[in-house]
1. Does residue 128 satisfy the criteria of being without any contact (Cβ under 8 Å) to a residue 60 or more places away in the chain and either more than 26 Å from residue 39 (Cβ to Cβ) or part of a helix (DSSP H, G or I) (or both)?
2. Are there any pairs with C-beta distances below 8 angstrom linking a residue in region 94-121 that is outside any helix (DSSP H, G or I) to a residue that is of a type in the set (Lys, Arg), with the two at least 6 apart or on different chains, and if so which?
3. Could you list, in sequence order, the residues of region 176-226 that are part of a helix (DSSP H, G or I) and of a type in the set (Ser, Thr, Tyr)?
4. Mind checking whether some residue in region 335-348 is surrounded by 13 or more Cβ atoms within 10 Å (Cβ to Cβ), out of contact with any His (no Cβ under 8 Å at 6 or more places or on another chain) and free of Cβ contacts under 8 Å to residues at least 24 places away in the same chain?
5. Please identify the pairs in which a residue from region 393-410 that is hydrophobic (A, V, I, L, M, F, W, C) has its Cβ atom under 7 Å from the Cβ atom of a residue that is not in a helix (DSSP H, G or I), counting only partners at least 6 apart or on another chain.
6. Look through 160, 140 and report the one residue that is out of contact with any Leu (no Cβ under 7 Å at 6 or more places or on another chain), within 18 Å of residue 66 (Cβ to Cβ) and assigned to a helix (DSSP H, G or I).
7. Determine the pairs where a residue that is under 10 Å from residue 420 (Cα atoms), located within region 283-306, has a partner that is assigned to a strand (DSSP E or B) and among the basic types (Lys, Arg) with Cβ atoms under 9 Å apart, the partner being 6 or more residues away or on another chain.
8. Pairs needed: first member in region 377-391, within 16 Å of residue 236 (Cβ to Cβ) and assigned by TED's automatic domain parsing to the domain that holds residue 245; second member anywhere, hydroxyl-bearing (Ser, Thr, Tyr) and assigned to a helix (DSSP H, G or I); C-beta distance under 7 Å; at least 6 residues apart or different chains.
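The values are calculated or read from the model by the stated rules, or taken from the named source; none is laboratory data. Values in this document were obtained by computation on a predicted structure and should not be read as measured data. Using ideal geometry, Cβ is built from the backbone for each residue, glycine included, and neighbour counts are taken over all protein chains shown.
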Amino acid sequence: MIRRIRELSKNEFVRNVFTLMSATSVAQGIAILIYLVLAKIYTTSEHGIFALYLSIIAVTGIMATGKYESAVMMPGDDKSAFDLVSLGSILTIFFSLLLLILVALFHESFALLLGDPMIEKWLWFVPLSTLMIGLFQSFSYWANRNKRFGNMAVANVGQSLTNSAIKVSTSKVFTGGGGLVVGSILGQFIGLALFVWDFLRKDARKIRDVSLSGMLEMAKEYKFFPRFNMVHSLINNFSGNLPIFVFASRFGVGEAGLYSFGFMMIFRPVNLVTSSFTQVFSQRIISNYNQGRRIYSDVSRLVIKLFQFGVLPFLIVGIAGPFIFNLFFGETWIEAGKYMRILIPWIFMVLVSSPLSFLPDMLKRQRMAMWLDVLKIALRIPALAIGVYYNNIYLAIVLFSLVSTLTVGYNLYWYLYLAKNADINRKVKVDESVELPERID
């Protein structure tokens with residue numbers, strides 16, 4: 001055992017994943033523990049308002065950059081990569097200003113469309129959150145490209161800790177769920193500030209090399225990212241947040257809050273694992289692919305390990321979900337535990353497949369990825385509509401989870417196919433010295 005631990009500690013992939021997961025897991029653990037308090041001091045309706053706010057900025061945050069930040073990993077030279085960071089940042093600034101104008105003109109109409117007038121006053125903060133999300137993503141990809149996983153961990157921890165502290169301390173200061181919104185905004189600011197500080201210390205000189213012609217060249221070369229990746233991400237994100245919008249308008253923000261709470265309690269730890277693996281694994285696979293090395297063996301092995309890693313915890317949570325929610329959060333949140341249990345098959349498939357979601361970008365199959373998400377939302381909409389028609393939120397969640405599980409499962413199959421086909425269709429080096437370890441448990 002000791003020998004095995006030493007071997008793993010020498011593996012760069014394991015060290016990088018552990019760097020991201022160890023620090024971030026502490027912050028995420030604190031954030032989850034904080035919800036023991038948040039469940040007591042905020043109502044289900046206030047959680048519903050916050051869920052609506054998060055759903056909105058999840059969509060606007062994607063539109064802000066045109067998804068050019070996702071291409072930062074692709075260029076062979078740092079000059080082109082930083083032109084992409086600059087391009088994404090400038091687009092974010094202009095888009096956030098446009099959002100501010102739209103909110104100023106139509107905030108009442110937007111609130112009416114979303115089904116709750118309480119969200120109206122918080123719409124004014126959507127442009128600010130969108131600005132910080134877009135810049136955070138751009139600098140995050142730059143840090144990932146340069147293997148600054150320690151800095152990424154610090155930024156994530158700073159964001160999460162600030163977020164949690166403000167949510168707890170301002171519940172009486174900002175009513176109507178405002179403490180949750182303000183905590184999210186200040187957390188975003190701290191995370192972004194840490195990234196910018198690290199960048200200014202190490203790479204400030206690169207700003208002098210940025211040129212309009214360079215950004216335009218990158219915009220043209222990676223035009224498929226706004227054309228397909230952005231549309232793909234918008235569809236995927238809106239599709240995933242669709243229950244929040246539907247439940248808030250049809251069943252009330254209280255039910256939306258219960259659904260969001262249950263979803264968050266299972267998705268947050270899963271996202272911790274998948275984001276850490278994706279950030280490290282994508283950098284490694286892209287590098288291997290560019291150097292002509294095989295990728296399928298690493299990809300398939302990661303899928304197997306994630307499957308083994310997740311089976312037991314998901315079974316336990318699936319069986320005991322409502323009991324756990326009643327024990328830790330109180331009777332008010334038992335329904336959230338029941339909703340979470342229904343979502344488990346879908347979230348398990350997300351755990352296994354999400355770390356491979358960069359493969360269509362790397363292999364220039366964005367168009368197909370987009371159409372797969374079109375199919376996903378095309379199935380999710382009638383699934384929710386059936387539940388709304390019968391005025392049965394359980395039926396809506398069951399059907400939504402079922403179609404999500406099937407479509408994400410097909411995505412996983414397609415990712416494996418892409419990796420295997422990539423090895424078959426090009427000459428690859430025999431050098432396998434950078435393979436994943438036989439075991440990562």
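1. Details: without any contact (Cβ under 8 Å) to a residue 60 or more places away in the chain: yes; either more than 26 Å from residue 39 (Cβ to Cβ) or part of a helix (DSSP H, G or I) (or both): yes.
When the stated conditions are applied, residue 128 passes them.
2. 115/250
3. Looking only at region 176-226, we keep the residues that are part of a helix (DSSP H, G or I), and these are 178-209, 212-221, 224-226.
If the condition is that a residue be part of a helix (DSSP H, G or I) and of a type in the set (Ser, Thr, Tyr), then 184, 213 are the ones that fit.
4. no
5. Filtered contacts from region 393-410: 393/251.
6. On inspection, the qualifying residue turns out to be 140.
7. Hits for this filter: 294/429.
8. The qualifying pairs are 377/239; 379/407; 380/239; 380/404.
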